[in-house]
1. When the Karplus curve 6.51 cos²θ - 1.76 cosθ + 1.60 is applied with θ = phi - 60°, which whole-Hz ³J(HN,Hα) does each residue of segment 110-116 get, with x for Gly and Pro?
2. Taking the Cβ-Cβ separation of V110 and E175 as r and a Förster radius of 30 Å, what is the calculated FRET efficiency to the nearest 0.05?
3. Tabulate in residue order the Karplus-calculated ³J(HN,Hα) for segment 143-154, using 6.51 cos²θ - 1.76 cosθ + 1.60 with θ = phi - 60°, rounded to whole Hz; enter x for Gly and Pro.
4. With labels modelled as points extended 7 Å from the Cα through the Cβ direction, what inter-label distance (nm, one decimal) is found for T63 paired with T127?
5. Report the local net charge at L60: Lys and Arg +1, Asp and Glu -1, summed over other residues whose C-beta lies under 11 Å from its C-beta.
6. Which shape class applies to segment 127-182: rounded if a/c is under 1.5, otherwise prolate when a/b exceeds b/c and oblate if not, where a ≥ b ≥ c are the square roots of the Cα gyration tensor eigenvalues?
7. For V57, what residues show an amide H to amide H distance below 5 Å, using hydrogens built from the backbone and excluding near sequence neighbours?
8. Which net charge results for the neighbourhood of R135, defined as the other residues with beta-carbon distances under 9 angstrom from its beta-carbon, given Lys and Arg at +1 and Asp and Glu at -1?
Amino acid sequence: MRHNGRSTRLSQSGMKTILGQCLVLTLLIMLPPATAELQPRIIGGENAAEAAWPATVSLLLRTDYDNALLNNPGDVASAQYQSHYCAGTLIAPGWILTAAHCTYDFDNSVHWQPADILILAGITNLTDTDNNQLRSIVSISVHPDYNPLTFESDIALLKLDNDTDPALPPLPLYEGIPPVSGNAIVIGWGDTSN
């Protein structure tokens, strides 16, 4: 993997190695900023207990976050809520697994740079400011076979500028062979009802 502070692409073998070690069974939900018309794709969930999913992080658009703070200085809770657009999972110290489409603008035409994205960790509620950990991204590694038109290989890794607090453990690795069928848990911020 190249690390030059810019967006990078991993070789197919490099991506397989990282993903093979993780065996993460996480689905991510894309949620547009609060200023856009909400079109949730998963409805009928339930609120998570506080700190139940410490490896789940929020992806924020830096320009939306900065603009919200300019419009309402000191209102960090609103800035966090208004700039949230995707979710990810802390899989190792300093590494976030997310969907590749979360590294593109909303019509998949512009690939964002690391400076465009912030990571918000340590929260259950998007407006929580007591335990929040805001981190910058130093590199984006998109699966080499990602296709923004078909969403094939829709996976990416984000390298943080600093590790999160050790009190926030990465998602534990799944040991064994994942079941072919059954129930799964989807974690993210969305609607609990229509």
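The values are calculated or read from the model by the stated rules, or taken from the named source; none is laboratory data. For clarity, every value in this text was computed on a predicted model and none was experimentally measured. Counting neighbours? That spans all protein chains shown, and the Cβs are built from the backbone with ideal geometry, glycine included. These area figures cover heavy atoms from the full protein model, side chains too; ligands, DNA and RNA do not enter into them. Shrake-Rupley method; radii C 1.70, N 1.55, O 1.52, S 1.80 Å.
1. Working through the residues one at a time gives 10, 7, 6, 8, x, 5, 7 Hz.
2. After rounding, the FRET efficiency stands at 0.15.
3. 3, x, 9, 4, 10, x, 8, 10, 6, 5, 6, 7
4. The modelled label-to-label distance comes out at 2.7 nm.
5. -1
6. Here segment 127-182 falls in the oblate category.
7. Sorted by chain and number, the residues that satisfy this are G88, T89, L90.
8. Charge balance in the 9 Å sphere: -2.
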